[in-house]
1. Just from its helices, what would the mean residue ellipticity at 222 nm be for the chain, if runs of 4 or more DSSP H residues each count -39500 (n - 2.57) and the sum is divided by every residue, rounded to the nearest 500 deg cm²/dmol?
2. What ³J(HN,Hα) values, in whole Hz, does the Karplus curve 6.51 cos²θ - 1.76 cosθ + 1.60 give for region 39-52 when θ = phi - 60°, with x put for Gly and Pro?
3. Estimate the FRET efficiency between Val36 and Glu176 by the formula 1/(1 + (r/R0)^6), using the beta-carbon distance for r and 41 Å for R0, to the nearest 0.05.
4. Of Arg154, Arg90, Arg17, how do they rank once you tally other Cβ atoms within 10 Å and put the fewest first?
5. When only alpha-carbon atoms count, how far does region 74-171 stretch along each of its three principal axes, as whole angstroms with the largest first?
6. What's the FRET efficiency of Lys68 with Glu121 using the Cβ-Cβ distance as r and R₀ = 45 Å, to the nearest 0.05?
7. With point charges of +1 on the Cβ of Lys and Arg and -1 on the Cβ of Asp and Glu, referenced to the Cα centre of region 74-171, which listed residue (Leu126, Leu149, Ala87) lies farthest in the positive direction of the dipole?
8. Of the GluC sites (Glu not before Pro) in region 39-126, which ones lie in a loop per DSSP and count no more than 11 other C-beta atoms within 10 Å?
Amino acid sequence: MEIPPFLFDQPKTISARIILSEEYEGIITRDYGFIVAIVEILSVGHGIIIPGNANTFHQVEFSVLSFKPNLGEVVEGDIVELVDFGAFCRLGPLDGLVHVSQICDDYISYEQVGNRFIGKETGKILEVNNEVRAKVIAVSLGTGRSGKLGLTMRQKFLGKYDWIEADVEEEYASKEGKKSKETDEEGEIEE
């Protein structure tokens with residue numbers, strides 16, 4: 001890391017934090033994902049002076065807070081934008097796309113006037129500011145400030161929270177129904 005002369009009056013750790021924050025925060029790397037913040041400067045080595053350069057050069061150890069999504073990971077976020085081809089979901093520092101075919105297991109249509117998606121058979125509605133749970137199905141982390149995430153909400157227990165509650169109730173009811181049927185078959189319950 002290079003420390004320019006205008007930061008020489010600061011302690012090296014403060015200078016290092018300023019420079020590293022400007023250089024790394026908000027970028028995407030293949031190894032670490034999206035770098036959210038420089039957490040701590042662990043050490044700053046002695047400076048080296050190179051003739052003809054006013055900056056000093058230092059070896060620096062530091063820790064970062066990063067977000068690196070993995071395939072199959074379940075994430076939670078807010079719907080921030082709807083377009084005719086899908087919904088953009090804010091996942092902290094990154095946005096992911098839920099393609100229209102991945103919103104729910106139903107025929108979905110985009111209603112431009114109301115700016116929402118509506119399921120034909122289920123009546124499920126997805127709008128901006130809805131909180132959702134989704135699964136990461138595609139990760140393309142470029143370098144610099146570009147990256148793309150593909151998400152799905154088609155499976156049970158994914159989507160808006162009221163959709164998830166309905167899935168949980170349905171699952172519970174089906175398990176209770178199986179238990180009741182098994183008990184009836186064993187002859188333990190008499191009517």
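Throughout, read-outs are computed from the coordinates displayed, never taken from laboratory work. What you are looking at is a predicted structure, and each value in this text was computed from that prediction instead of being measured. Heads up, the Cβs are rebuilt from the backbone with ideal geometry, glycines too, and the neighbour counts pull from every protein chain shown.
1. Here the helix-only value at 222 nm equals -7000 deg cm²/dmol.
2. 7, 8, 8, 7, 7, 10, x, 4, x, 10, 9, 10, x, x
3. Values: r = 44 Å, r/R0 = 1.07.
Step by step, r from the Cβ atoms, then E = 0.40.
4. Arg90, Arg154, Arg17
5. 43, 33, 20 Å, listed from the longest principal axis down.
6. Calculated transfer efficiency: 0.75.
7. The residue sitting farthest along the positive end of the dipole is Leu149.
8. Glu121
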